[in-house]
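The values are calculated or read from the model by the stated rules, or taken from the named source; none is laboratory data. Since this is a predicted model, take the numbers as computed values, not measurements. Because the Cβ atoms are built from the backbone with ideal geometry, glycine has one as well, and the counts that use them run over all protein chains shown. Note: accessible area is taken over every heavy atom of the protein model, side chains too, but ligands, DNA and RNA are not part of it. Shrake-Rupley method; radii C 1.70, N 1.55, O 1.52, S 1.80 Å.
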Amino acid sequence: MSLVKSTLTLNSTAQPPASLSFSRSSAATRLNNIGLVELVPANEIRQDYYPNDIGHIKGWLLEESSSNSLLQSQDFGTTWITTTSQQTNNGSVSTNNVRSPDGTANADLLSSSSTATAITAVRQQGVTFTSGQTYTVSVYAKKRDYNFLEISNRDNNDSGMTFSKVFNLSTGALGSSGGTVGAAEIMAHPNGWYRCQVTFTANGTTDTEVYFKARSDDAVSTTYSITSGQGIYLWGAQSENKPYATSYIPTTTVAVTRAADVCFLEDTDNKWNTDIGMSLWMDGATL
């Protein structure tokens, strides 16, 4: 059966039972026992942990297939650009500036290149959004100087703005919205990081772009006050044709698809509710 954002919790164990058959034809990420994003090889089941409760097991993570259409998800100095066609964008990217949610120094700094009334953003063009379908855009962000991150499909708030959401990187609270936002979430991770996600339904005016803006205020507006050298940290950008964000899917020069987790229990002795102790965290899983 197919399950979406559901959880089955029994007694958690260090190893799955021998009667559990599992496969996944690609590598996939999980959160390890110290809350870091970790890549797990193909055909290896993932034991997932809570990001904001170190050492607390969530369970065995099972997900349906999903694709990340944003390229260079960890390198905002390449496919991502800091110029815009509509508003003045005074931004710059410094790569590999600080430790990311995977524990290595590969997160980038998005900062203002001048003191002005403008925007500070990176954007990626050529993202496919099919009208009538639901998408979730997510990214890991961390405060340095500015308190706010805005995720949007435009650099301003005219009629072409399908979605826009502000996230408070100081308090972990959701901020202002623009366009039509279906859902949004900000989840705390270790070392001051948050995973921020916004869900929306594409329409005929949806631009094929994604913007990440470093903001000095909690607002959805055309421009705002920026200060030279100030910014936020970014890592792990993702856009999925899903109503929620799945586990992080790293990309470089092409979109990447994570294969579905497929598992089943061979319960030949009718022991399902007696002596099998395990926990399954199922996110669109196939059982």
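A single entry from Gly236, Gly204, Gly192 fulfils the requirement of being buried (at least 23 other Cβ atoms within 10 Å of the Cβ) and either under 25 Å from Ser94 (Cα atoms) or not hydroxyl-bearing (Ser, Thr, Tyr) (or both): Gly236. Only one of Gly160, Gly172 is assigned to a loop (DSSP other than H, G, I, E, B) and on the phi > 0 side of the Ramachandran plot. Can you tell me which? Result of the check over Gly160, Gly172: Gly172.
So, in segment 28-54, how many residues would count as being of a type in the set (A, V, I, L, M, F, W, C) and in contact with a Phe, Trp or Tyr (Cβ under 7 Å, 6 or more places away or on another chain)?
Adding up the residues that qualify gives 3.
Any idea which residue in segment 61-97 is farthest from Val37 (Cα to Cα), counting only those that are under 18 Å from the mean Cα position of the chain (by Cα) and of a type in the set (A, V, I, L, M, F, W, C)? That would be Trp80.
Rundown of residues vs (1) at pLDDT 95 or above; (2) more than 20 Å from Leu31 (Cα to Cα); (3) touching a Ser or Thr at 6+ places or on another chain (Cβ under 6 Å), yes/no style:
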position: Phe212; (1), (2), (3): yes, yes, no
position: Thr222; (1), (2), (3): no, yes, no
position: Gly231; (1), (2), (3): yes, yes, yes
position: Ala237; (1), (2), (3): yes, no, yes
position: Thr251; (1), (2), (3): yes, no, yes
position: Phe264; (1), (2), (3): no, yes, yes
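Note on segment 33-58: residues that are over 20 Å from the mean Cα position of the chain (by Cα) and either on the phi > 0 side of the Ramachandran plot or open to solvent by less than 50 Å² (accessible area, probe 1.4 Å) (or both) total 4. Would you check which residues across segment 18-35 are in contact with a Ser or Thr (Cβ under 9 Å, 6 or more places away or on another chain), under 22 Å from Val256 (Cα atoms) and not in a strand (DSSP E or B) and list them? If the condition is that a residue be in contact with a Ser or Thr (Cβ under 9 Å, 6 or more places away or on another chain), under 22 Å from Val256 (Cα atoms) and not in a strand (DSSP E or B), then Ser26 is the only one that fits. Note on segment 154-212: residues that are of a type in the set (Gly, Ala, Ser), farther than 15 Å from Thr134 by Cα and touching a residue at least 24 places away in the same chain (Cβ under 8 Å) amount to 9.
Going by the conditions given, is Ser225 part of a strand (DSSP E or B), among the small types (Gly, Ala, Ser) and open to solvent by 10 Å² or more (accessible area, probe 1.4 Å)? In short, yes. Within segment 89-139, being at pLDDT below 95, farther than 21 Å from Lys165 by Cα and open to solvent by less than 10 Å² (accessible area, probe 1.4 Å) holds for no residue. Screening Glu185, Glu150 for residues that are in a strand (DSSP E or B), of a type outside the set (A, V, I, L, M) and surrounded by 23 or more Cβ atoms within 10 Å (Cβ to Cβ) leaves exactly one candidate, Glu150. Restricting Asn52, Asn43 to those that are among the polar types (S, T, N, Q), part of a loop (DSSP other than H, G, I, E, B) and within 23 Å of Asn106 (Cβ to Cβ) reduces the list to Asn52.
In segment 249-263, the residues that are under 14 Å from Phe76 (Cβ atoms) form no Cβ pair under 8 Å with any partner that is open to solvent by less than 20 Å² (accessible area, probe 1.4 Å) and of a type in the set (Lys, Arg), whether six or more places apart or across chains.
Only residues that are part of a loop (DSSP other than H, G, I, E, B), at pLDDT 95 or above and not hydroxyl-bearing (Ser, Thr, Tyr) were counted in segment 59-88, giving 9.
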